[in-house]
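*Asks:* Take a look at this one; I'll ask things after.
Every number here is computed from the coordinates shown, using simple stated rules; none is lab data. This one's a predicted model, so the numbers in the text were calculated from it and none came from an experiment. Cβ sites come from the backbone with ideal geometry, for glycine too, and all protein chains shown count toward neighbours.
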Amino acid sequence: MSEVILKHIKKVYPNTEKKRKKGSSEKKSNLLVTDEGVVAVQDFNLDIKDKEFIVLVGPSGCGKSTTLRMVAGLEEISDGELLIDGKKMNDVEPRDRDIAMVFQSYALYPHMTVRENLEFPLKLRKMPKNEINQKVDQAAEILGITPYLDRKPKALSGGQRQRVAIGRAIVREPKVLLMDEPLSNLDAKLRNQMRAELIKLRQGIDTTFMYVTHDQTEAMTLGDRIVIMKDGVVQQIGTPQEVFDHPVNIFVAGFIGMPQMNFFDAELIENAGKYQVEVDGVRVELSEEKEKNLAAKGVKSQKVTLGIRPEHISLSEPGAQAVTGKIDVAEMMGSAIHLHVTAAGKDTIIIVQTMDLNGRTLSDLAIGEEVSFKFRGSEVHVFDED
Ligand code: ADP
């Protein structure tokens, strides 16, 4: 059993420039600044279930690492409560929390062999030698690093080093495994491979995971649930499917999904509990489910932002029910084409499956050509924010 509970967790860094770890060149964010200092994390609440894989995701500087470091005990908690298996951990030393952490930088001991690196946390715990050997061999096997056990880290590739770092973290079977951007130093191909390996790894070990990334693909593929953060504030917590299908605001809608969701200025028209949206003179009816949600919130006719995913837009014949735009760029992606179109004053991306081109080819899609497209009321997202 390893449940982790974060209750109203807050982190304030004193507002002294010299303490800022990332230097003055950092892009200004919209973090709350109070008399006490910069509020890097505000009112963070999360109940992590035993063996759950939680991913914290959001743009750089939104407070992900700070949250993880507070769980690890590397950063003091300014306010709120951290519980692991029901025990309050705020003031417990990092080494007594039964937590392991994997960093982007691997942090291996360069003068030790891979075997010695893996043995290290177990020796610290004064585990008998034969048990150490057994655990190290097992971790090496799981991670496919058995052939490199006698090498020093500098004789390994980046991917192999990261496997050793993960091995060193799992070898003592911690209650909670924290990972801070563990794949960010790897090239794209290796990153995809390691991502798949992490999915396999978690099935074999009895540990609760908290994983930090700025990469929404990693978040979507690894997380049982993902926590989306912005400016120190949790925006939404849910399964990958929930946050994809029901983003709570424009930020989440734009952050999750590739290519990004399209946004249009639109009018919401309410008439006796029925709703339509109008974009560029084209009106569609909303689905019953969406109507119910809007009616429950008492939303009336108003200006809204309409979100439509690129995969939910289809090319059509010109006509009253279609929006018209001009092609800016056509990107061949293999089985699909990403069409960038300026429509209703916005850059719009449409994913066209190559087989939907009706006998036309990519080269027939001339830049500047007019195209028309449609979307369905059941697949749009209505946001009553700007
Ligand atoms: P993320 O992991 O999402 O990139 P961080 O948790 O590292 O974000 O940082 C959140 C905010 O807190 C940033 O504005 C960062 O500059 C600030 N910060 C992080 N560490 C410190 C520190 N030791 N002292 C002061 N400010 C810090």
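*Asks:* What list of ³J(HN,Hα) couplings, whole Hz, do you get for the range 55-63 from phi and the Karplus terms 6.51, -1.76, 1.60, once you set θ to phi - 60° and write x for glycine and proline?
*Replies:* Karplus-based 3J(HN,Hα) across the range 55-63 equals 10, 9, 9, x, x, 3, x, 8, x Hz.
*Asks:* Report, in listed order, any pair from LYS88/LYS175; LYS126/LYS154; LYS64/LYS303; LYS51/LYS230; LYS154/LYS189 with a Cα-Cα distance greater than 24 Å. Walk me through the numbers before you get to the answer.
*Replies:* Numbers: LYS88/LYS175 15 Å; LYS126/LYS154 27 Å; LYS64/LYS303 34 Å; LYS51/LYS230 26 Å; LYS154/LYS189 21 Å.
Violating the 24 Å Cα-Cα cut-off are LYS126/LYS154; LYS64/LYS303; LYS51/LYS230.
*Asks:* Let me ask something else. Using every alpha carbon pair in the chain, what percent of pairs falls into each 10 Å bin from 0 up to the bin containing the largest distance?
*Replies:* Going from the shortest bin to the longest, the percentages are 5, 19, 24, 22, 17, 10, 3, 0.
*Asks:* Please name which of ILE351, VAL279, HIS246 has its Cα lying farthest along the dipole of the range 228-386 towards the positive end, using unit charges on Cβ (Lys, Arg +1; Asp, Glu -1) and the Cα centre as origin.
*Replies:* HIS246
*Asks:* Could you put HIS338, HIS8 in order, starting from the residue whose Cβ has the fewest other Cβ atoms within 10 Å? Please report the intermediate quantities before stating the final value.
*Replies:* On the way: HIS338 15, HIS8 11.
Least to most surrounded, the residues fall as HIS8, HIS338.
*Asks:* Exactly which GluC sites (Glu not before Pro) in the range 266-375 are in a DSSP loop and have at most 13 other Cβ atoms within 10 Å?
*Replies:* On the way: sites: GLU267, GLU270, GLU278, GLU285, GLU288, GLU289, GLU291, GLU311, GLU331, GLU369, GLU370; in loops: GLU369.
Here the sparse-neighbourhood loop sites are GLU369.
*Asks:* Right, here's the next one. Restricting everything to alpha-carbon atoms, can you work out Rg to Rh for the range 266-307 with a Kirkwood hydrodynamic radius? Walk me through the numbers on the way to the answer.
*Replies:* Details: Rg = 9.4 Å, Rh = 10.2 Å.
With Rg and the Kirkwood Rh in hand, the quotient comes to 0.92.
*Asks:* Quick one: check the C-alpha center-to-center distance for the range 169-246 versus the range 366-386, whole angstrom.
*Replies:* If you average the Cα positions of each part, the centres end up 32 Å apart.
*Asks:* Rounded to the nearest Å, what's the spacing between the alpha carbon centres of the range 103-136 and the range 152-168? Just the number, please.
*Replies:* 12
*Asks:* Further question on the same structure: With unit charges on the beta carbons (Lys and Arg positive, Asp and Glu negative) and the dipole taken about the Cα centre of the chain, which residue among SER335, ASN293, ALA40 sits farthest to the positive side?
*Replies:* The listed residue farthest towards the positive side: ALA40.
*Asks:* Follow-up question, since we're still on this one. Taking amide hydrogens as modeled 1.01 Å from N in the peptide plane, which residues meet the under 5 Å criterion relative to ILE48, leaving out close sequence neighbours?
*Replies:* The answer is VAL4, ILE5, LEU6.
*Asks:* Okay, next question. If you add up the charges near SER301, with Lys and Arg at +1 and Asp and Glu at -1, over every other residue whose beta carbon is less than 14 angstrom from its beta carbon, what do you get? Show your work: numbers first, answer last.
*Replies:* Details: positive: LYS274, ARG283, LYS297, LYS300, LYS303; negative: GLU267, GLU270, GLU278, GLU291, ASP384.
Value of the local net charge: 0.
*Asks:* Note down the net charge around PRO147, summing +1 for each Lys or Arg and -1 for each Asp or Glu among other residues with Cβ under 15 Å from its Cβ. Kindly include the intermediate steps, with their values, before the conclusion.
*Replies:* Working: positive: ARG115, ARG151, LYS152, ARG161, ARG163; negative: ASP137, GLU141, ASP150.
Neighbourhood net charge equals +2.
*Asks:* Please enumerate, by chain and number, the lysines with C-alpha under 16 Å from the C-alpha of LYS152, excluding those fewer than 8 residues away in the same chain.
*Replies:* Within the straight-line cut-off, LYS152 pairs with nothing.
*Asks:* Treating each Cα of the range 332-386 as an identical point scatterer and ignoring solvent, apply the Debye formula and state log10 I(q)/I(0) at q = 0.16, 0.21 Å⁻¹.
*Replies:* Log-scaled intensity ratios, in q order: -0.60, -0.94.
*Asks:* Please build a GNM for the chain, connecting alpha carbons under 10 Å apart, and tell me which residue among LEU118, LEU294, LEU83 fluctuates the most.
*Replies:* Of LEU118, LEU294, LEU83, the Gaussian network model singles out LEU294 as fluctuating most.
*Asks:* Based on the alpha carbons, how large is the Rg to Rh ratio for the range 259-383 when Rh follows Kirkwood? The partial results should precede the final answer.
*Replies:* Details: Rg = 15.3 Å, Rh = 15.1 Å.
Dividing the radius of gyration by the Kirkwood radius yields 1.01.
*Asks:* Given Cβ point charges of +1 (Lys, Arg) and -1 (Asp, Glu) and nothing else, what value in debye, to the nearest 20, does the dipole of the range 38-156 about its Cα centre take? Show your work: numbers first, answer last.
*Replies:* Working: 17 positive and 19 negative charges, 131 e Å.
So the dipole magnitude of the range 38-156 works out to roughly 620 debye.
*Asks:* Further question: Let me have the relative contact order for the range 171-303, percent, based on Cα pairs under 8 Å that are six or more residues apart. Don't jump to the answer; show the numbers that get you there.
*Replies:* On the way: 137 pairs, mean separation 18.9, N = 133.
Relative contact order of the range 171-303: 14 percent.
*Asks:* With a cut-off of 8 Å between alpha carbons and a minimum separation of six or more residues, what is the relative contact order of the range 259-383 in percent?
*Replies:* Working: 251 pairs, mean separation 37.3, N = 125.
It rounds to 30 percent for the range 259-383.
*Asks:* Still on this structure: Charges at C-beta only: +1 for Lys and Arg, -1 for Asp and Glu. How large is the resulting dipole of the chain about its Cα centre, in Debye rounded to 20? Intermediate results must be reported in sequence, preceding the final value.
*Replies:* Numbers: 52 positive and 58 negative charges, 377 e Å.
The calculated dipole for the chain is roughly 1820 debye.
*Asks:* Turning to a different aspect of this structure: Got the relative contact order for the chain handy, in percent, Cα pairs under 8 Å and 6 or more residues apart?
*Replies:* Numbers: 742 pairs, mean separation 58.0, N = 386.
Over the chain, the number comes to 15 percent.
*Asks:* With θ taken as phi - 60° and the coefficients 6.51, -1.76 and 1.60, list the Karplus ³J(HN,Hα) couplings across the range 218-233 in order, rounded to whole Hz; mark glycine and proline as x.
*Replies:* Computed from phi, the couplings for the range 218-233 are 4, 4, 5, 7, 9, x, 5, 9, 10, 10, 9, 10, 8, 6, x, 10 Hz.
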